[in-house]
1. Suppose the filter is at pLDDT 95 or above and either open to solvent by less than 60 Å² (accessible area, probe 1.4 Å) or under 30 Å from residue 155 (Cα atoms) (or both); does residue 98 pass it?
2. Do we have residue 17 as open to solvent by 10 Å² or more (accessible area, probe 1.4 Å), outside any loop (DSSP other than H, G, I, E, B), touching an Asp or Glu at 6+ places or on another chain (Cβ under 8 Å) and closer than 27 Å to residue 224 by Cβ here?
3. So which residues in segment 38-69 are surrounded by fewer than 24 Cβ atoms within 10 Å (Cβ to Cβ) and farther than 22 Å from residue 352 by Cα, if there are any at all?
4. Residue pairs, Cβ under 9 Å, 6 or more apart or interchain, first in segment 234-245 and under 20 Å from residue 211 (Cβ atoms) and of a type in the set (Gly, Ala, Ser), second assigned to a strand (DSSP E or B) and open to solvent by 20 Å² or more (accessible area, probe 1.4 Å). List them.
5. Taking segment 131-165, which residues are open to solvent by 20 Å² or more (accessible area, probe 1.4 Å) and more than 30 Å from the chain's Cα centre (by Cα)?
6. Return the only residue of 227, 192 being buried (at least 24 other Cβ atoms within 10 Å of the Cβ), of a type in the set (Ser, Thr, Tyr) and out of contact with any strand residue (DSSP E or B) (no Cβ under 6 Å at 6 or more places or on another chain).
7. Could you check how many residues of segment 240-274 are surrounded by fewer than 17 Cβ atoms within 10 Å (Cβ to Cβ) and outside any strand (DSSP E or B)?
8. Pick from 449, 495, 463, 470: which is in a loop (DSSP other than H, G, I, E, B) and among the aliphatic types (A, V, I, L, M)?
Amino acid sequence: MATNRLTAESRDQALAALEASTTPSDELDVLVVGGGVTGAGIALDAVTRGLSTAIVEAQDWASGTSSRSSKLVHGGLRYLQMLDFHLVHEALTERDLLLRDLAPHLVRPVPFLYPLEHRIWERAYVGTGIALYDTLAGIAPGKRAMPIHRHLTRGQMARKFPDLAHDAAIGAVQYWDASVDDARLVTTIIRTAAGYGAHAASRTQVVELTQSATGAVNGAVVVDLETGKRITVRARQVINATGVWTEDTESLAGSEGGLRVLASKGIHVVVPRERIRGNVGLILQTEKSVLFIIPWSRYWIIGTTDTPWHEDLRDPVASSRDIDYVLEHANAVLAHPLTRGDVIGTFAGLRPLLQPGTKEGTSSAKVSREHTVASPTPGLSVIAGGKLTTYRIMAKDAVDHAIGQRAAALPSITHKIPLVGAVGLQAVQRQARTWAKRYRWTPPMVDHLLHRYGSDVAELVELCEADPSLATPLEHAPAYLRAEVHYGVTHEGALHLEDVLLHRTRLVYEVPDAGLAALPEIADVVAPLLGWDDSTKEAETAAYRERVKAYDAAASETDDASAQAARLRAPDVAEMVPLEG
């Protein structure tokens with residue numbers, strides 16, 4: 001019986017299914033390589049078409065680009081400037097589908113101000129563009145999910161964002177988009193896919209794409225990075241959804257074809273919510289890109305940059321120059337400038353920028369401005385480009401391409417598949433009042449839990465009923481319950497302490513010490529669940545401390561090469577924690 005719980009045991013079962021796939025009767029229909037939002041969406045799309053499906057990820061789920069975005073689910077105002085109305089409409093349709101039906105607990109509306117510097121022509125120009133944005137959203141199927149835009153005077157703008165400098169704008173246009181915890185979205189999609197029968201194995205790296213006598217890709221060799229075991233997998237179709245690692249994965253097939261992808265770095269800084277007085281977000285044009293000042297949970301997220309990246313693709317970091325750039329542009333419109341001392345965390349991600357055309361010998365079936373699906377060799381499909389908001393469309397295109405003519409008989413149905421936590425949300429929202437009284441949870445804590453877990457808050461309550469100590473907040477990170485750490489291991493597939501601090505919570509950049517003060521208590525919760533002895537717990541704790549130390553060192557370096565060298569001086573968790581087996 002399939003379960004949506006991701007655990008160490010469910011991972012072992014997934015690896016067993018991969019190993020069994022060499023038996024013809026157990027061969028997989030689809031093997032998805034890459035556990036970011038695109039790969040997760042592909043796994044859900046494939047398994048809900050009735051295809052036997054597995055997904056593998058070399059690191060933790062969402063550990064690459066998909067945990068390092070601006071946290072926005074949006075249509076993309078900048079595409080209107082390119083007159084790409086179809087792309088904007090498509091993204092707005094997906095935004096509203098997530099808000100209304102698929103993940104109303106995870107995705108929430110956020111109002112933004114577009115400040116205006118000129119009284120007449122700019123208000124007319126920007127207002128017309130945002131009105132078109134609303135119109136494109138309004139023609140999406142279903143009930144309108146967002147309020148329409150409105151024009152604000154300087155006084156109205158000041159009331160909504162008191163810390164906007166008086167001379168920064170003469171007024172603004174307010175419009176609406178949405179935000180999401182990107183890593184939670186990915187984990188939730190993976191869990192939903194697992195609930196329909198997909199086999200999901202994190203920390204499992206593809207090291208070879210196998211081929212038949214005719215040269216068609218027919219599976220892969222993977223390595224369980226927790227034990228070092230090599231497993232041969234057979235699959236009728238392999239789909240490469242590895243983002244900035246696209247070309248590396250393509251090369252495992254020995255083919256010269258495929259897609260070309262360049263990495264571009266974007267960084268964000270995190271500052272406490274009380275540091276900036278404002279009730280809405282801001283969008284600002286810069287000479288290189290756009291800058292968002294985004295209200296997110298108890299913080300502001302400010303970014304992003306857009307610079308070429310030529311260093312190691314693993315775990316990019318923000319340099320001192322990056323941080324200063326973001327602060328400088330934010331301070332240009334803030335009444336009370338931010339300093340480096342206000343920054344409590346940073347994160348950096350790599351955008352996989354799809355380059356025009358494909359490599360020689362590539363069959364390309366689906367091309368948009370944002371993403372392309374191609375086949376460098378039979379049996380292997382590759383998808384690259386795109387953005388978080390349109391992950392479901394990308395997944396549909398990838399599976400359609402992979403299964404070819406069978407797609408007509410097995411169309412995608414993910415537009416009708418709510419994600420884990422969405423079903424029964426309204427009932428749990430009402431029940432939450434009783435639980436809050438029982439465990440003395442504050443209204444902000446209840447909102448936090450409903451936003452992160454939706455109707456699955458009921459599962460956290462079950463944990464608290466079995467062990468009341470789990471209902472209490474972490475002593476040094478009181479925004480999170482001890483139960484959330486427990487749940488991250490027993491339901492969301494965390495295998496290491498860094499998985500909990502980076503992706504199940506976001507303590508790595510939500511508190512000034514990156515969660516170090518809370519680390520012992522978190523380790524005490526996690527250790528018995530994963531069967532760690534004292535030496536393993538100490539190694540896990542040391543590995544995370546070294547990671548934080550390396551992040552701090554990187555933030556003091558002025559250039560990418562020096563910053564990344566500082567980050568990579570910290571050993572990977574796999575190097576510090578003994579292999580199982």
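1. So residue 98 passes the test.
2. yes
3. 48, 49, 50, 51, 52
4. Matching pairs, first to second residue: 235/29; 235/218.
5. 150, 151, 153, 154, 155, 156, 158, 159, 162
6. 192
7. The qualifying residues number 6.
8. 495
The values are calculated or read from the model by the stated rules, or taken from the named source; none is laboratory data. It should be emphasised that the depicted structure is a prediction, and the values quoted were computed from it without experimental measurement. Note that we place each Cβ from the backbone using ideal geometry, even for glycine, and neighbour counts take in every protein chain shown. Surface areas here come from the heavy atoms of the whole protein model, side chains and all, with no ligands, DNA or RNA. Shrake-Rupley method; radii C 1.70, N 1.55, O 1.52, S 1.80 Å.
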